[in-house]
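What follows is one structure encoded as structure tokens, with my remarks underneath.
Just so it is clear, none of the values below were taken in a lab; they were calculated from the coordinates. The structure displayed is predicted, hence computed values, not measured ones. Every residue, glycine among them, receives a Cβ derived from its backbone with ideal geometry; neighbour counts consider all protein chains shown.
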């Protein structure tokens, strides 16, 4: 039990649904009651309103899927939201892990399903980034390029994949490499992942670092499927500091590279939905500040 609990501390990109990517969660299901489902669907409705209000065709999107507070992280899972999709006005293109087939895929999911992927229906966070026109157009083209999307997909999934290795990959690393291919001309002949990572290095992309709580946690991780340490530099393992792509890494890189990017963050608890526009984070508590939009969802 101690090994399992410690290993869970290494899990990123997690949620309670199968596409979240963790075998420890694959057999777990939780049915939402009517009140919980209504709350999350209303939250998703506000997210869709913000996407529509942008008048854009693409956005970077991140969700708080599992509790990563021990790492001082709110968000765990990133993807690319595309407006024009066959099944809905907006859908999230993302890497997910298919439990039954034990392999990663690229998957399009509606906004409601994306919001329902959070572990705790009593609270939720989603962040949106609307890029300047040129960057936005390049990202949309890359995200819609099926050959490129698949060329950037690793054959093996690791929740804590080393950001500058090609043996494994997590959901956020796929997004980072897609951005590199879109903005750095990293697509084309050759190893798409190596070229994308070279561009990220050259442009000072900083993955993580994710601070692991203890050496025991690091040791325990190697005994849990989909958590690996064999791809990380030895010095990082000794320092308990892993270079892993997380949504915060992507957000910091985008803010530095394209400061005109518009950011909108939406959160909810059991009483209200809060919308904040700008780069100041709402925080895990979802407490509104002056200037935030507040929408009541409970008396």
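Return the FRET efficiency for the residue pair residue 204, residue 34: r is the Cβ-Cβ distance, R0 is 41 Å, and the value is rounded to the nearest 0.05.
Details: r = 48 Å, r/R0 = 1.17.
In this case the efficiency is close to 0.30.
Scale the Cα Rg of the chain by the rule-of-thumb value 2.2 N^0.38 Å and send over the ratio, two decimals.
Working it through for the chain, the quotient is 0.95.
If neighbour count is taken as other Cβ atoms inside 10 Å, put 268, 228, 77 in order from fewest to most. Write out the running numbers ahead of the final one.
Values: 268 27, 228 21, 77 30.
If I rank by nearby Cβ atoms, fewest first, I get 228, 268, 77.
Counting only C-alpha contacts under 8 Å and six or more residues apart, can you give the relative contact order of the range 2-296 as a whole percent?
Once normalised by length, the contact order is 21 percent.
Label points 7 Å out from Cα along the Cβ direction at residue 215 and residue 134: separation in nm?
For residue 215 paired with residue 134, the spin-label model returns 5.0 nm.
Quick check on the exposure proxy: order 265, 177 from fewest to most C-beta atoms within 10 angstrom.
265, 177
Give me the extension gain from residue 42 to residue 271: residue separation times 0.36 nm, minus the current Cα-Cα distance, reported in nm with one decimal.
81.3 nm
Ranked by Cβ crowding within 10 angstrom, fewest neighbours first, how are 194, 146 ordered?
In increasing order of surrounding Cβ atoms, one gets 146, 194.
Taking the chain as a Gaussian network, where each spring joins two C-alpha atoms under 10 Å apart, which residue of 200, 32, 226 fluctuates the most?
For the chain, modelled as a Gaussian network with Cα springs under 10 Å, the answer is 32.
Relative to the present Cα-Cα distance, how much length would full extension add between residue 241 and residue 70 at 0.36 nm per residue of separation?
Roughly 60.2 nm would be gained on extension.
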